[in-house]
Amino acid sequence: MPRPHLKSAASQGVWRCHACGQLSRVCSPAATAVNCPRCGGSLHRRKPHSLQYAWAFLLAAMLCYIPANLMPIMLTEMLSGTQRDTIMSGVAYLWRSGSWPLALVVFVASVLVPLLKILSMLLLLLTVHWRSRWAPRQRTRLYRLLEVVGPWSMLDIYVVGLLVALVQLQSLATIKAGPGAIAFGAVVVLTMLSAMHFDPRLIWDVFEEDDER
């Protein structure tokens with residue numbers, strides 16, 4: 001497969017504003033204090049400290065992923081006692097009760113998708129850090145996919161919130177969000193922040209530097 005041979009706008013002295021999207025020509029590529037002529041925001045050739053922020057948020061998400069799956073996500077207080085449900089215990093209950101399609105949806109959205117998001121971001125960060133030339137188009141598409149599926153990992157939080165509203169309204173029991181829900185929400189938010197701070201243009205910079213040499 002032929003190696004991509006494309007010139008970036010940054011190499012031609014054109015930078016894009018991260019706030020309004022305006023393209024501006026920068027006289028000196030070495031300039032550090034350049035403002036957007038339209039909105040006044042700071043212009044940068046690439047997102048400042050992109051890899052550092054992306055790594056920090058990703059590592060924090062990896063740390064929160066373990067308690068999100070081990071700690072109870074929902075606490076149900078009834079006359080018979082208190083029941084603590086984790087994500088996997090909820091999946092197992094749905095499977096045993098015959099609702100295997102719903103169990104599959106919960107497992108994929110709440111366990112598999114966050115894990116795949118973490119692994120995908122880890123792949124993107126490592127390949128950029130190692131200056132890999134492997135499959136740049138596929139890695140760019142992977143990043144776009146991460147941006148699309150990001151908010152859809154909050155299925156368990158939506159379900160817990162709905163159950164709390166319904167059950168409290170009918171006074172059948174008391175349902176509270178457990179500490180696992182906080183950890184799970186943190187995983188989703190942190191992976192989204194990691195993807196937001198990652199600059200996918202770094203994937204292509206290695207090819208341009210090879211052409212310049």
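The values are calculated or read from the model by the stated rules, or taken from the named source; none is laboratory data. What you see is a predicted model; the values in this text were computed from it and never measured. When we count neighbours, we look across all protein chains shown, and the Cβ atoms used for this are built from the backbone with ideal geometry, even at glycine. Note: areas computed on protein heavy atoms with side chains; ligands, DNA, RNA excluded. Shrake-Rupley method; radii C 1.70, N 1.55, O 1.52, S 1.80 Å.
Go through the range 73-108 and give me each residue that's touching a residue at least 24 places away in the same chain (Cβ under 8 Å) and basic (K, R).
The one that is touching a residue at least 24 places away in the same chain (Cβ under 8 Å) and basic (K, R): R84.
Could you list, in sequence order, the residues of the range 117-150 that are under 9 Å from the mean Cα position of the chain (by Cα) and under 11 Å from I203 (Cα atoms)?
Hits for the range 117-150: nothing passes.
Might you let me know whether the range 30-39 holds any residue that is under 20 Å from P200 (Cβ atoms) and at pLDDT 80 or above?
Within the range 30-39, not a single residue is under 20 Å from P200 (Cβ atoms) and at pLDDT 80 or above.
Yes or no, residue by residue, for (1) touching a strand residue (DSSP E or B) at 6+ places or on another chain (Cβ under 8 Å); (2) open to solvent by less than 80 Å² (accessible area, probe 1.4 Å):
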residue: L51; (1), (2): no, yes
residue: P72; (1), (2): yes, yes
residue: Q83; (1), (2): yes, no
residue: R137; (1), (2): no, no
residue: T140; (1), (2): no, yes
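Given the criterion modelled with pLDDT under 90, farther than 20 Å from P179 by Cβ and assigned to a helix (DSSP H, G or I), identify the matching residue among L124, L104, L142.
Working: L124 fails: modelled with pLDDT under 90; L142 fails: modelled with pLDDT under 90.
Checking each option against the conditions leaves just L104.
So how many residues does the range 64-91 have that are in a helix (DSSP H, G or I), modelled with pLDDT under 85 and of a type in the set (A, V, I, L, M, F, W, C)?
Looking only at that region, the number is 2.
From the set of residues in the range 9-18 that are at pLDDT below 80 and surrounded by 13 or more Cβ atoms within 10 Å (Cβ to Cβ), which is nearest to the chain's Cα centre (by Cα)?
Among those residues, the one meeting the criterion is H18.
Condition (residue is closer than 22 Å to A186 by Cβ, charged (D, E, K, R) and out of contact with any Ser or Thr (no Cβ under 7 Å at 6 or more places or on another chain)) applied to the range 91-109: is it met by at least one residue?
No, the conditions are met nowhere in the range 91-109.
Mind checking which pairs have a first residue in the range 125-140 that is touching a residue at least 40 places away in the same chain (Cβ under 8 Å) and a second that is surrounded by fewer than 18 Cβ atoms within 10 Å (Cβ to Cβ) and of a type in the set (K, R), Cβ under 8 Å, 6 or more apart or different chains?
Close Cβ pairs satisfying both conditions: R133/R3.
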